[in-house]
């Protein structure tokens, strides 16, 4: 009887082992979709992939400043692909055919790739031509030397690169620091970098999860450079004024006491930091290998 009882116990243990093995197999399967693809949590793991570009060229101080700033954020991977030379005012222009790319470094020595072409070409090379090993989750274009407000956005290479990214389904931010007033040597890149860092932090969850890709987030940020003794008046979200006259595109009075600006040009002129949504035009890209 004892032998029979022990035999039954052995059979029960063996059966339990089979059940546990089946459950373990089922648990592994639950980490994938019904098609066998990895779960979204696995796909989104890893650092936030940021592509930084501009229109002033890879050696410009603005792009160097924003790269240094972004690298202080936790768990990010920053790639720099920028024009070989200054391409300001080139808008959405692109170069047909093969793009020449060289290894370079930013002003502070951060590794970068320089594209002999327009700002939008940098995104084309990085994304369409698979210049980067992984598709970026967000593109930061800038920080530009000089404001890109009102009708200037349509000729801005900074905005052109951001539009190229958004057209490919990648959220993008174009960032510019206003021209310095008399008595100030350089644009206030530091203030613009601070706002870029805040923007990335604010949108990080959506960027990682892909929520900001549908609809695609495309925004334009401009930070005035204030005269000595005055300071920036804060970030405001306002629409772009495409009809603003040229006479209103060059001034920034940070000592203004005006309130409630209604457009990006008005906000910039009154010392605010305007952030504006831009329309996205989807781009049909060729299949490359």
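The values are calculated or read from the model by the stated rules, or taken from the named source; none is laboratory data. Predicted model only: the values in this text are computed from it and were never measured. Neighbour counts are summed over all protein chains in view; Cβ atoms, including those assigned to glycine, are modelled from backbone coordinates with ideal geometry.
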I'm told residue 117 meets every condition in (1) assigned to a helix (DSSP H, G or I); (2) farther than 21 Å from residue 70 by Cβ; (3) touching a strand residue (DSSP E or B) at 6+ places or on another chain (Cβ under 8 Å) except one. Can you identify the failing condition by its number?
(1)
Are any residues in region 266-282 part of a helix (DSSP H, G or I) and in contact with a strand residue (DSSP E or B) (Cβ under 9 Å, 6 or more places away or on another chain), and if so, which ones?
266, 267, 268
Among the residues that make up region 114-132, is at least one of them over 24 Å from residue 169 (Cα atoms), in contact with a helix residue (DSSP H, G or I) (Cβ under 8 Å, 6 or more places away or on another chain) and buried (at least 18 other Cβ atoms within 10 Å of the Cβ)?
no
Condition (residue is more than 19 Å from residue 65 (Cβ to Cβ), within 18 Å of the chain's Cα centre (by Cα) and not in a helix (DSSP H, G or I)) applied to region 192-210: is it met by at least one residue?
yes
With the first residue restricted to region 237-265 and required to be within 17 Å of residue 159 (Cα to Cα), and the second required to be at pLDDT below 95 and loosely packed, with under 11 Cβ neighbours inside 10 Å, Cβ contacts under 7 Å at 6 or more apart or on different chains are none
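For region 154-191, which positions are assigned to a helix (DSSP H, G or I) and surrounded by fewer than 24 Cβ atoms within 10 Å (Cβ to Cβ)? Give the derivation first.
First, the residues of region 154-191 that are assigned to a helix (DSSP H, G or I): 154, 157-167, 189-191.
154, 167, 190, 191 - these are the residues of region 154-191 that are assigned to a helix (DSSP H, G or I) and surrounded by fewer than 24 Cβ atoms within 10 Å (Cβ to Cβ).
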Taking into account only those residues within region 193-214 that are over 29 Å from residue 146 (Cβ atoms) and free of Cβ contacts under 8 Å to residues at least 60 places away in the same chain, which is surrounded by the fewest Cβ atoms within 10 Å (Cβ to Cβ)?
214
Members of region 58-77 that are part of a loop (DSSP other than H, G, I, E, B) and buried (at least 19 other Cβ atoms within 10 Å of the Cβ):
58, 60
Residue that is outside any loop (DSSP other than H, G, I, E, B), under 15 Å from residue 139 (Cβ atoms) and at pLDDT 95 or above, where the choices are 104, 80
80
With (1) at pLDDT 95 or above; (2) part of a loop (DSSP other than H, G, I, E, B); (3) in contact with a helix residue (DSSP H, G or I) (Cβ under 7 Å, 6 or more places away or on another chain) as the list, and residue 285 as the residue in question, which single condition is left unmet?
(1)
